[in-house]
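Encoded as structure tokens, the structure appears first; notes follow it.
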Amino acid sequence: MQIIDTPVVPTGSKKSVEAVAPQRGKFIWGGRGIRYLLVAPSVILILSFTIFPILYLFWISFLDWTFQRRERPFIGLGNYIQVLQDTRMWEALGHTLFIMVVAVSAELILGLLLAQVLVGKLPGKQILIPLLILPTIMCPVVVGYGWRMLWDTQYGPINEVLGWILGHPVNLVWLINPKTVYFSLIVAEVWQWTPFMFLALLAGLSAINPELYEAAALDGATAWQTFWHMTLPLIRPIMIIALIIRSLDVFKIFDLIFALTVGGPGTFTETITFYIYTLGFKNFRLGYTAAMAFIVLILVSTATTLFLRRFSEE
Amino acid sequence: MNWKIHSVFVISILALLSFGLQSYGQEKSAADIAVEAAKKYKGITLRVIWEAGLQAQDPIVFSGPLWEKLTGIKVQTIETPFPELFSKIVTAHLAGSGDFDVINYVPAWQADLVEAGALEPLDDFMNKYMPPGALDDIHPTYQQWLVWKGKHYGIFDDGDTFVMYYRKDLFGDKANQEAYKAKYGQDLRPPQTWQEWDQICAFFKERLAASGGHGCAIQRAAGQTYPWVEEELRVYGAKFFDPETMKATINSEAAIKALTDMVNNNKNMPPGIEKWSFIEVFSAWMDGKVAMIISWPPPGRWSQGYRDRAEQLKWMPETKVIGKVGYALPPGGHPELAAGFNLGVSSDSPNKEAAYLFIQWLTSKEISLQRVMLPYALRDPYRLSHYESKEYRSQWDNAGEYLDVLKLGAEKGLLDLAIPGAREYEEALDRAAVAAYAGTPPKEALDKAAAEWDAITQRLGVDKQREAYKEWASRPNAYPR
């Protein structure tokens, strides 16, 4: 079936030249030109709001631009060299990767468990699923402040409940104590984003043909064998996409850090985005911050590209 | 003869008129002059950036509407939470947006804001409109904030000083006095050293435990713990920099001792004190749960039953300490003059003169007195006439005692470090303190902060910073005298 109703003219003939080349006006209003015109506003918008700021940021990264000085001299790669020697940045990257690996793994495992439980027919499933995804639709900073109250030493319900269980008052300073602060952060992160993983995996599991399970059962496969050798490979593509989305998102973690720990105690939970925010929007070291943002962008893009390439090859 | 008498009469009348006019001119206050001069700008709107919340109620409810009534100039208040105030001022300036006409800023930021070109020098306006001697009434300590590198950039407007509030009833209780004497061999009195503070905290922690109370409280949450560190470091004899090399000396023996004592103090404060900010300390105090706190001036007023004086204060917990509050300088006797506010004119403002006149009017003797007495506002006394005001001294039973302590605090107090990069230095010190509260050895935390300070100094230029530091350190209230 031909969707676009255009006259089919043999190429090379005189008629074809007359039919295709002729009308300039038709090129604009009736042919390919109109398409360009129609997409032009979007392209201009994208260029204005995305490409231009990135190029401008790139230019700033070569300037010694701080708010305290009115001159902004060009210093070449000076900012990049300094950033690479900035131990606080590497520490912040380390903290970010740690949160990312632990939180996303936990979200994957919990999300998969939930999806497995809810993939079949279950009474009340239609009520349960919307309830489960509620945390995901909440604003992260609200989640942060909510958990801040939950973890509160004096008035927080978590210490209160632990006190009931243990039979004596519990005064854990969850968000300051180095032994508990990451746990507190990751619990909040996992609480909010496990439902996303669950939804993605539930979609993957629901798409598996039930006949495959019947066949596996007929072949005498155990539940574990079915899960390991059949379910997991089948949902692998969707799992990898969910992992990439969540990893990139956790890499940018900011709101929870802002609300719960402000990067502290000291710089113990400072993540890369929080450090960039501090440098850029509190200390206004704009050239330096731009250079750091670019280095991080390169690192993330490289990691994502390598991951995707390996996945595609497989 | 008649001619002579007539001439003498005319000359006398002229002399009297001239004297009268002169006197009239002299009697015109800074507020009157500002109002008269500002009338020519009738119809414009001044945009003022102000700390959000109770602070902003002053221009929104009181001074803004009054200024509009007097001059026809509208005032639009842009409320901004304190942690974002500096960023918003700088961002607007970098963007050249002219978003604000009047800038409400912490004096310690003045050096940075001047270097950035965000503040307009006020000298020409002051020469034109400020009556001679009109600023002499500002407490001499706070006058140190008006000038940077020989030019006026702001007029001081908020006399923040730390005050120790203690429970007179608990300290005066005979059983407490005897128990304290028996335990420590000393009289129970408001603490005068940090060691004594800690001892009394431990004592009351034990005494009040049965009623769910604690010994004492000071806010320790990240972000605003640095003024306490700056104060204690200097009370213990530490200095911020070596004035010759500009190497940071915040990791000296004295500084380490000060921070170590602060960490140890936390043990006698309520559990979780490391996350307590102003509001938690204030709530515990109002609830009668602590025997002593150190905080800014407003809790001293509010704990005397200010809640019912204004709609804006209805959210407050009801005070259980009314009539039981004693005021004193914090241990060491040199309170931090933490933050405070200056009012300046934005260099990007299209209405600079009108903005200046508004500031002159706001900070004038008579208007500022009304403002520091507003029950809901957070502006604290800073003029000598505020401390002596009979009206203020009659606001509650021992309001005079309160004002005397605020005045003494201003006299003995220590200025925040105010050189270019002040905020970065403060943040590094704040992080070090919070890390130490969390268990990092104080020496390690301060060594790290000192390294950060050195990096900031190197980046901003050692010579430039040395010059700024010497100027700051030469002020009478930079270090304890």
Report task. Apply the Karplus parameterisation 6.51 cos²θ - 1.76 cosθ + 1.60, with θ equal to phi minus 60°, to every residue of region B:276-282 and state each ³J(HN,Hα) to the nearest whole Hz, in sequence, with x for glycine and proline. Result -> 7, 10, 3, 5, 5, 4, 4
Report task. Could you list which residues have their amide H under 5 Å from that of B:Phe241, counting only those 5 or more apart in sequence or on another chain, with H placed in the peptide plane? Result -> B:Thr249
Report task. Mind grabbing the base-10 log of I(q)/I(0) for region A:130-287 at q = 0.08, 0.12 Å⁻¹? Debye formula, identical points on the C-alpha positions, no solvent, two decimal places. Result -> -0.38, -0.72
**Report entry** Rounded tilt (10° steps) of B:462-473 against the dominant C-alpha axis of chain B
**Finding:** 80
Query raised in the report: Based only on the alpha carbon positions, what is the Kirkwood hydrodynamic radius of region B:121-182, in angstrom?
Result: 15.5
Query raised in the report: So who's got an amide H within less than 5 Å of the one on B:Gly215, skipping anything under 5 residues away but keeping other chains? H placed 1.01 Å off N, in plane.
Result: B:Lys205
**Report entry** In order through region A:283-297: 3J(HN,Hα) via Karplus (6.51 cos²θ - 1.76 cosθ + 1.60), integer Hz, x for Gly, Pro
**Finding:** 9, 6, 8, 5, x, 5, 5, 4, 4, 5, 4, 5, 4, 5, 4
Query raised in the report: Where does the longest stretch of chain B lie that holds no GluC sites (Glu not before Pro) found in a DSSP loop with 16 or fewer other Cβ atoms within 10 Å?
Result: B:1-243
Query raised in the report: If you find the alpha carbon centre of region B:216-267 and of region A:31-79, how far apart are they in angstrom?
Result: 44
Query raised in the report: Per residue Cα convex hull volume for region B:304-381, in cubic angstrom?
Result: 162
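Any of A:Lys179/B:Lys320; B:Lys88/B:Lys324; B:Lys289/B:Lys412; B:Lys239/B:Lys324 with alpha carbons more than 31 Å apart? Name them for me.
Details: A:Lys179/B:Lys320 37 Å; B:Lys88/B:Lys324 41 Å; B:Lys289/B:Lys412 29 Å; B:Lys239/B:Lys324 37 Å.
Beyond 31 Å: A:Lys179/B:Lys320; B:Lys88/B:Lys324; B:Lys239/B:Lys324.
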**Report entry** Computed over region A:227-310: relative contact order in percent, which uses C-alpha pairs under 8 Å that are six or more apart
**Finding:** 17
**Report entry** Largest-first ellipsoid semi-axes for region B:322-442, taking √(5λ) over the Cα gyration tensor eigenvalues, angstrom
**Finding:** 30, 26, 12
Query - Cα-based Rg / Dmax (Å) for chain A - result: 27.2, 97
Requested in this report: Using a cut-off of 10 Å between beta-carbons, work out the net charge of the residues near A:Val262 (Lys and Arg +1, Asp and Glu -1, A:Val262 not included).
Outcome: -1
Requested in this report: Could you go through region B:320-335 in sequence order and give the Karplus-derived ³J(HN,Hα) for each residue, using 6.51 cos²θ - 1.76 cosθ + 1.60 with θ = phi - 60°, rounded to whole Hz, and x for Gly and Pro?
Outcome: 9, 10, 4, x, 10, 9, x, 10, 7, 6, x, x, x, x, 10, x
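Starting from the Cα coordinates of chain B, work out the convex hull volume and express it per residue in Å³.
It is 181 Å³ per residue.
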Report task. Report, in cubic angstrom per residue, the convex hull volume of the C-alpha atoms of the protein assembly as shown. Result -> 290
Query - Diffusion constant of region B:100-229 at 25 °C, which comes from Stokes-Einstein with the Kirkwood Cα-pair radius and 0.890 mPa s, µm²/s - result: 129
Query - Relative contact order (percent, whole number), chain B, Cα cutoff 8 Å, 6+ residue spacing - result: 24
Report summary line: Counting only protein heavy atoms with a 1.4 Å probe and every protein chain in place, the carbon and sulfur fraction of the accessible surface of chain B in whole percent equals 55
Query raised in the report: When you take every Cα atom in region A:198-267, what is the radius of gyration, and what is Dmax, the widest Cα pair distance, in Å?
Result: 18.8, 60
Query raised in the report: Any idea what the alpha-carbon Rg over 2.2 N^0.38 Å comes to for region B:181-334?
Result: 1.14
Query raised in the report: Given a cut-off of under 8 Å on Cα pairs at least six residues apart, what relative contact order in percent is computed for region A:67-226?
Result: 32
Report summary line: The Cα extents of region A:239-284 along the principal axes, largest first and rounded to whole Å, are 38, 22, 15
Report summary line: With a ≥ b ≥ c from the Cα gyration tensor eigenvalues, square-rooted, and the rule rounded for a/c under 1.5, otherwise prolate when a/b > b/c and oblate otherwise, region A:102-195 is prolate
**Report entry** Charge dipole of chain B about the Cα centre (unit charges at C-beta), most positive-ward option of B:Tyr184, B:Leu259, B:Ser385
**Finding:** B:Ser385
Report task. Give me the Kirkwood hydrodynamic radius of region A:46-176, using the inverse of the mean 1/r over all pairs of distinct Cα atoms, in Å to one decimal. Result -> 20.6
Report summary line: Checking rank on A:210-223, B:321-334, A:142-155, with mean other Cβ inside 10 Å and highest first, the result is B:321-334, A:142-155, A:210-223
Query raised in the report: For the protein assembly as shown, with every protein chain kept in place, what is the accessible area per residue (1.4 Å probe, Å²)?
Result: 47
**Report entry** Inter-part distance where region A:182-241 and region A:85-131 are each reduced to a Cα centre, Å
**Finding:** 13
Query raised in the report: Angle, helix B:399-412 long axis vs. longest principal axis of chain B, Cα atoms, 0 to 90°, nearest 10?
Result: 90
Report summary line: Helix B:226-235: inclination vs chain B longest Cα principal axis, degrees, rounded to 10, gives 80
Query raised in the report: Where the centroid of each part is defined by its Cα atoms, how far is region B:104-131 from region A:283-309 in Å?
Result: 39
Requested in this report: Spit out the partnerless Cys residues in the protein assembly as shown, using Cβ distances under 4.7 Å as the pairing rule.
Outcome: A:Cys139
Report summary line: Share of Cα-Cα pairs in region B:176-232 beyond 14 Å, whole percent, is 62
Requested in this report: Would you jot down the residues in region A:36-70 that end up with at least 50 Å² less accessible area in the complete protein assembly than in the chain alone, with a 1.4 Å probe?
Outcome: A:Phe67, A:Gln68, A:Arg70
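Share of region A:116-159's accessible area from carbon and sulfur, percent, 1.4 Å? The partial results should precede the final answer.
On the way: 2080 of 2800 Å².
That fraction is 74 percent.
The values are calculated or read from the model by the stated rules, or taken from the named source; none is laboratory data. These numbers were taken from a predicted model, which means no experiment stands behind them. For neighbour counting, all protein chains shown are included, and Cβ atoms are generated from backbone atoms with ideal geometry for every residue, glycine included. We work out accessible area using only protein heavy atoms, side chains counted, and drop any ligands, DNA or RNA first. Shrake-Rupley method; radii C 1.70, N 1.55, O 1.52, S 1.80 Å.
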